[in-house]
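*Asks:* Next up is a structure, given as C-alpha cells.
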Amino acid sequence: MSQLRDPAHRVSPRARTMWQLEAGIEALVAVVVGVVAALVWVPGGLRWGLALAVVVGCVGLAVVVPLWRYRVHRWEVSATAVYTQRGWWARERRIAPMSRVQTVDFAQGPLARLFGLATVTVTTASAAGPLQIEGLDRDVALRLVDELTRKADLVEGDAT
C-alpha cells in the first residue's frame, strides 16, 4: 500500500503573519462581545472568570491557529494534477487531475494585497468544489495561474 505524501510546496511565510492579523482582528471582536456579554448577563463573581476565559481562549486561537495553518497548508502541481493540503483542525487533501480543471482564478483581498499575497482557485468538474491555494506570494500565484491554464489547455487539446 502506498502512502499519500504531503504536497511539496509551502505557502509564503508572510501568510502566517497575515493569518495572525486576521485572527487577531476576529479575536478582538469576539473578546469585546464576550466580555460585554459576560459583564451584562452573568451574575456575580462568575462574570470575571468567564470574561478572562474568553480573552485567554481568543488570544490562544489568534496565536496558535495561524501557526498551525502554516505548517499544514501545502500545494504542488505536476504534469497531470494539482495537489492541495489545507486546514488546521481537520486536514483536507485534494488531488485534481488536469483533465478536470475548468477554470483557474486569481484573487487578492485587502489584507492579501497589503502582504503581497494571493489565492489561486482551481475549479474542477467535481462535486467537492474548487481547490484553493491561499497565502501564495503574488508573483508565484500569477505564474501558477499561467502554468495551470497552459497545462489544462494542453490536456484539453490532447482530448480532442
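*Asks:* How high is the relative contact order of the stretch 75-157, in percent, with contacts defined as C-alpha pairs under 8 Å that are six or more residues apart? Intermediate results must be reported in sequence, preceding the final value.
*Replies:* Working: 131 pairs, mean separation 20.5, N = 83.
Relative contact order here is 25 percent.
*Asks:* Measure nothing fancy, just the Cα-based angle from helix 13-41's long axis to the longest principal axis of the chain, in degrees from 0 to 90, nearest 10.
*Replies:* Around 30 degrees separate the two axes.
*Asks:* Given a 1.4 angstrom probe, I'd like the percentage of the accessible area of the chain that is carbon and sulfur, rounded to a whole number.
*Replies:* Working: 5950 of 9650 Å².
Of all accessible area on the chain, carbon and sulfur atoms account for 62 percent.
*Asks:* For a protection proxy built on the mean count of beta-carbon atoms within 10 angstrom, sort 38-48, 118-128, 88-98 highest first, please. Could you put the intermediate results ahead of the total?
*Replies:* Working: 38-48: 11.1, 118-128: 16.6, 88-98: 14.9.
Descending packing order for the listed peptides: 118-128, 88-98, 38-48.
*Asks:* Counting just the Cα atoms, what span does the chain cover along each of its three principal axes? Round to the nearest Å and put the largest first.
*Replies:* The Cα atoms of the chain stretch 73, 41, 25 Å along the principal axes, largest first.
*Asks:* What whole number of Å gives the distance from the Cα centroid of the stretch 26-42 to the Cα centroid of the stretch 61-133?
*Replies:* 32 Å
*Asks:* Same structure, new question: If you wrap a convex hull around the Cα atoms of the stretch 10-71, how much volume per residue is inside, in Å³? Intermediate results must be reported in sequence, preceding the final value.
*Replies:* Working: hull volume 3.2 nm³, N = 62.
Looking at the stretch 10-71, the number lands at 51 Å³ per residue.
*Asks:* Continuing with the same structure: Skip the ligands, DNA and RNA, and give the accessible area per residue of the chain with a 1.4 Å probe, whole Å².
*Replies:* On the way: 9650 Å² over 160 residues.
Heavy-atom accessible area per residue stands at 60 Å².
*Asks:* Taking the 0 to 90 degree range and rounding to the nearest ten, how far is the long axis of helix 46-72 tilted relative to the main principal axis of the chain, both from C-alpha atoms?
*Replies:* Taking the Cα atoms of the chain, the angle to 46-72 is about 20 degrees.
*Asks:* Note the full-extension length gain between Leu111 and Ser78 as 0.36 nm times their separation in residues minus their Cα-Cα distance, in nm to one decimal. Each step should come with its number before you reach the end.
*Replies:* On the way: separation 33, 0.36 × 33 = 11.88 nm, distance 2.95 nm.
Between Leu111 and Ser78, full extension yields an extra 8.9 nm.
*Asks:* Tell me the angle of helix 138-159 to the major Cα principal axis of the chain, expressed in degrees between 0 and 90 and rounded to the nearest ten.
*Replies:* In the chain, helix 138-159 runs at an angle near 40 degrees to the longest axis.
The values are calculated or read from the model by the stated rules, or taken from the named source; none is laboratory data. Worth saying up front: this structure is predicted, and the values here are computed from it rather than measured. Cβ: placed from backbone, ideal geometry, glycine included. Neighbour counts: every protein chain shown. Side chains included, ligands, DNA and RNA excluded: accessible areas come from the protein's heavy atoms. Shrake-Rupley method; radii C 1.70, N 1.55, O 1.52, S 1.80 Å.
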